[in-house]
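Notes follow the structure.
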Amino acid sequence: MIRVALILVVLWGAVALLPTAQAEINKGAPKMMLEGGSSGPVPFPHQDHQTRLADCLICHQAFPQEKGSIEKLKSEGLLQKKQVMNKQCIKCHRAEKTAGKPTGPLTCNKCHVKE
Ligand code: HEC
Ligand code: HEC
Ligand code: HEC
């Protein structure tokens, strides 16, 4: 009986903590402008991707959830130039297109805008 009560208390505690834990997730800016080197900056609808994709780690396994982290890792030699562009953005957009689903841009000047 005591054991059951204890489990109930633990469960209740976990459920009570859930909403606060969720409220603390920092989702970052809904829209952002990424550095695109000589080809010009890249507008990126962050929130649309968060809504659409199940897991933050699809992108954030390669770079942390911090503004400027891609450029920082590139400058440290921990990410190749165009690695995120080719291995994430374009790779996924191409796969979605092949699957006949709505997708994002695949050509240079649809992503890079000239300043
Ligand atoms: C499709 C790729 C992608 C997905 C999915 C994604 N992000 Fe991001 N996120 C980015 C990019 C790109 C940046 C910008 C990094 C930079 O500035 O170098 C970023 C930056 C951030 C930042 C820092 C920027 C700011 O405005 O503070 C936070 C926080 C963040 N993401 C949280 C999340 C969370 C939480 C999720 C999941 C709910 C998520 N992201 C899903 C691509 C993604
Ligand atoms: C789906 C969007 C997208 C498309 C399409 C795209 N790019 Fe990019 N590009 C990016 C993003 C995001 C970055 C920054 C992250 C990185 O370097 O991986 C970038 C970075 C770059 C850089 C800077 C690399 C550096 O660090 O100096 C160049 C140059 C570039 N792209 C050229 C091109 C060219 C040329 C094409 C067409 C053949 C192209 N991009 C197509 C999104 C895109
Ligand atoms: C894992 C898959 C995935 C990754 C990674 C991804 N995207 Fe997308 N992206 C999508 C899908 C799916 C759509 C189409 C959403 C829709 O129209 O419903 C999209 C749409 C877009 C659009 C068009 C939005 C609009 O309003 O028309 C842009 C711009 C874009 N992505 C840029 C990027 C850039 C830049 C990166 C890399 C930093 C990136 N995406 C990474 C899946 C991805």
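The values are calculated or read from the model by the stated rules, or taken from the named source; none is laboratory data. Owing to the predicted nature of the structure, the values given are computational and were not obtained by experimental measurement. All Cβ positions, glycine included, derive from the backbone under ideal geometry; neighbour counts span all protein chains shown. Accessible surface areas use protein heavy atoms only, side chains included; no ligands, DNA or RNA. Shrake-Rupley method; radii C 1.70, N 1.55, O 1.52, S 1.80 Å.
For the reader, a short list of remarks on this structure follows.
- Added length on full extension, which subtracts the Cα-Cα distance from 0.36 nm per residue, N86 to M33: 17.3 nm
- Each Lys and Arg adds +1 at its Cβ and each Asp and Glu adds -1 at its Cβ; summed about the Cα centre, segment 27-111 shows a dipole of about 260 debye.
- Taking amide H atoms as placed 1.01 Å from N in the peptide plane, the amide H of L34 lies under 5 Å from those of V42, F44, each 5 or more residues away in sequence or on another chain.
- Cα-centred dipole magnitude for segment 39-85, charges only on beta-carbon of K, R (+1) and D, E (-1), debye, nearest 20: 160 debye
- For segment 27-111, the relative contact order is 17 percent, taking Cα pairs closer than 8 Å that sit 6 or more residues apart in sequence and dividing their mean separation by the residue count.
- Cα convex hull, segment 27-111: 94 Å³ per residue, rounded to a whole number.
- Where segment 68-115 is the region considered: accessible area per residue in Å², 1.4 Å probe: 79 Å²
- Phi angles across segment 48-65 convert, under the Karplus curve 6.51 cos²θ - 1.76 cosθ + 1.60 with θ = phi - 60°, into 3J(HN,Hα) values of 4, 6, 4, 5, 7, 9, 5, 9, 4, 5, 3, 9, 7, 5, 8, 7, x, 7 Hz, Gly and Pro given as x.
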